[in-house]
Amino acid sequence: MANISDAIEQFILDNLGEDDAIDISRNELASFFSCAPSQINYVLETRFTLDRGYIKESRRGGGGYIRIQRVPLENDDKMASLVIDGIGDELTIKRAEQIVEKLMREGVISKREKGLIDSMISGSALAVPLAIKDRLRAQVFKACLVYLLSTNEEI
């Protein structure tokens, strides 16, 4: 049986459907699932991230809502900048793999390019002390993505 986070995520995805955006009320969703609003926050922060192709916008106050917007990945400088800014200074292997998987699913990179990136950012390829591994992975990954997302050349 799926846990509550999986159920909330699936509910949001089902309601998003083929649309580019959805507005939801955190409190209404929490009431619907009989859970705390913090559980909704957890799902939004872990399942609807830039890595997975979503941007969140929050409006507070009376009639407040959270807008979840799907970001189409395209081969352009704007998307490259958005992805690069979202990576930050450090990048775990799990998060990097999620980004690469999303890029492949969206057709931005090929299966071959995915394999190359995966091997470049793997723990064994980055033979440095653990304390700096995530920082080095972020730098290597950003450099690779800048090239891939800003060029139309085939490998």
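The values are calculated or read from the model by the stated rules, or taken from the named source; none is laboratory data. All of these numbers come straight from a predicted model, not from anything done at the bench. Quick reminder, even Gly has a Cβ in these numbers, built from the backbone with ideal geometry, and neighbours come from all protein chains shown.
Residues in the range 129-143: is at least one out of contact with any Leu (no Cβ under 7 Å at 6 or more places or on another chain) and of a type in the set (D, E, K, R)? Yes, the range 129-143 has at least one match. Number of residues in the range 22-33 that are among the aromatic types (F, W, Y) and assigned to a strand (DSSP E or B): the value is 0.
Of all residues in the range 1-45, those satisfying the criterion of being farther than 13 Å from I68 by Cα and of a type in the set (S, T, Y) are S5, S31, S34, S38, Y42. Against the numbered list (1) crowded, with 18+ Cβ neighbours inside 10 Å; (2) in a helix (DSSP H, G or I); (3) at pLDDT below 85, D85 comes up short only at (1).
When you check K114 against the structure, is it modelled with pLDDT of 90 or more, out of contact with any Gly (no Cβ under 8 Å at 6 or more places or on another chain), part of a helix (DSSP H, G or I) and under 24 Å from L136 (Cβ atoms), yes or no?
On the way: modelled with pLDDT of 90 or more: yes; out of contact with any Gly (no Cβ under 8 Å at 6 or more places or on another chain): yes; part of a helix (DSSP H, G or I): yes; under 24 Å from L136 (Cβ atoms): yes.
Criteria met by K114.
For the range 88-111, a residue qualifies if it is touching a residue at least 40 places away in the same chain (Cβ under 8 Å), assigned to a helix (DSSP H, G or I) and either surrounded by fewer than 18 Cβ atoms within 10 Å (Cβ to Cβ) or touching a strand residue (DSSP E or B) at 6+ places or on another chain (Cβ under 9 Å) (or both), and the qualifying residues are I93, Q98. Count of the range 34-49 residues, restricted to those that are under 10 Å from the mean Cα position of the chain (by Cα), part of a helix (DSSP H, G or I) and surrounded by 17 or more Cβ atoms within 10 Å (Cβ to Cβ), is 1.
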